[in-house]
Amino acid sequence: MQESLLKLDAPSRRRFMEQAAAGLLGVSVLPTAASLAAQSNSPSGRTAKHVIYLFMSGAMSQLDTFDPKPKSEFQGETKAIATKVPGIQVSEHMPELAKLMKGLALIRGLSTETGAHQPGRYLMRTSYKEIPTTRHPGMGAWVQKVAGKINKELPGNVVIGNATRHPGAGFLEAVHSPVPIGNPATGLQNTKQPSYLQESQFDRRMRLSSQFDRTFRNKHDQKAVLAYSQLYNEARKLMDSQDLKAFDLSAEKEETKEKYGSGRLGQACLLARRLVEEGVRYVEVESGGWDNHREIFTTIPDIAKQLDQAVSALLLDLVERGLYYDTIVVVATEFGRTPKINQNVGRDHHPGAFSALLAGGGIRGGQVYGTTDENAQYVEDEAVTPQDLNATIAKAIGLPYEQEFISPAGRPFKIAHDGEPIDRLFG
């Protein structure tokens, strides 16, 4: 498909891309790109290769984003707007995503049992409740372990943002831990040797370290020990890799950066696109600012606008680069917020109902799954658990979500616990 497209002249490629965009996201014009490749229809049963998981930390308000209730007395100052799909409305702060609704699937029936931030985040990322005796793997670790790497030079699992207390690889081998990127603008840090240290000196230190560790490795020939050695070796190989350029946003044109937005979320989404383009399997972006207990109608417009701009730019960019069907994009949060506005003109924690967005991969756009009541306070139909959402992601990327894996402690675990994928979301 891609080779055929590249044989076309520029106007022909442009027309093809406009048709593809119209089919995928319901838009008629895309920015030009040097290399264009896309498909107008997703083959049945096609499996995605990458996941971009955008985690809105702090509990994103469903009423002020993806599940507005214009007739509710609790809707407040946030207005609802129509999307390109008749009958589906979103917040007025999401005008760009409203235009792309034909390529989006909204889940409005999410609910959970916890209204505390850290337990909620842990559950969303692992499908298990946080307990003292076991640290469960995050989805990125499962993806790298089971699906393997595409680009052997780059990590298969990356987290962008200040994701403190992230479960990481859990009980899986350390080599599956996510590589952390604190600031997308500065990329991957500490990848260059100090100026005072020559290459030969560095290699000598590595050999000495390996010799010192040899006795311990021979005595404790355990999987975990070998995994740490493998982790160090991969880090060393990454330092010499030409593919490190994938982490460098300075290589992008200023107009591209502006398209995503100048804030950290926009630049993180741009970095996520660069990484999947170079073969990284799983990229999580954590973005805070959603814990709106106070003055929500003052704070929500800006953070929602950043999300709207970043996600819409990301989706269109994936279409342009032929990565749309190879990448499932997820926007999620740890729980919702109360419909009732508190005395500080904010919304409090509410696990009873919240929303998520899915696009790309094998997801069929232009649909809503799950229905909440007239105030978006509880789920009336088609309830979805965090485990179900993770099983849906696992199905999209071809992971065996029904298979049991045995932890080092001898206990069986599944990738999405007892979750079941939402089959209706797939094309």
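The values are calculated or read from the model by the stated rules, or taken from the named source; none is laboratory data. Predicted model only: the values in this text are computed from it and were never measured. Cβ atoms come from the backbone with ideal geometry, glycine included; neighbour counts cover every protein chain shown.
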task: Report whether or not Val283 is in contact with a His (Cβ under 9 Å, 6 or more places away or on another chain), β-branched (Val, Ile, Thr), closer than 26 Å to Glu258 by Cβ and part of a strand (DSSP E or B).
output: yes
message: Quick check on region 33-67: of everything there that is more than 27 Å from Thr333 (Cβ to Cβ) and of a type in the set (Ser, Thr, Tyr), which residue is modelled with the lowest pLDDT?
response: Ser35
field: Identity of the residue in region 318-369, of a type in the set (D, E, K, R) and surrounded by 23 or more Cβ atoms within 10 Å (Cβ to Cβ), that ends up nearest to Tyr260 (Cα to Cα)
entry: Glu334
field: region 354-387, residues that are assigned to a loop (DSSP other than H, G, I, E, B) and under 20 Å from Glu77 (Cβ atoms)
entry: Glu374, Asn375, Ala376, Gln377
task: Answer yes or no as to whether Ile296 is crowded, with 22+ Cβ neighbours inside 10 Å, closer than 20 Å to Gly109 by Cα and not acidic (Asp, Glu).
output: no
Residue match in region 341-349 (condition: at pLDDT 95 or above, among the charged types (D, E, K, R) and in contact with a Gly (Cβ under 8 Å, 6 or more places away or on another chain)): no
query: Which one of the conditions (1) part of a loop (DSSP other than H, G, I, E, B); (2) of a type outside the set (A, V, I, L, M, F, W, C); (3) within 30 Å of Thr47 (Cβ to Cβ) does Asn344 fail to meet, given that it meets all the rest?
result: (3)
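Residue-wise test of (1) under 28 Å from Arg364 (Cβ atoms); (2) assigned to a loop (DSSP other than H, G, I, E, B); (3) free of Cβ contacts under 8 Å to residues at least 24 places away in the same chain.
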residue	(1), (2), (3)
Tyr53	yes, no, no
Lys69	yes, yes, no
Gly76	no, yes, no
Val85	yes, yes, no
Ala98	yes, no, yes
Thr114	no, yes, no
Arg125	yes, no, no
Pro132	no, yes, yes
message: For Gly58, only one of the following conditions fails: (1) assigned to a loop (DSSP other than H, G, I, E, B); (2) more than 17 Å from the chain's Cα centre (by Cα); (3) closer than 28 Å to Gly168 by Cα. What is its number?
response: (2)
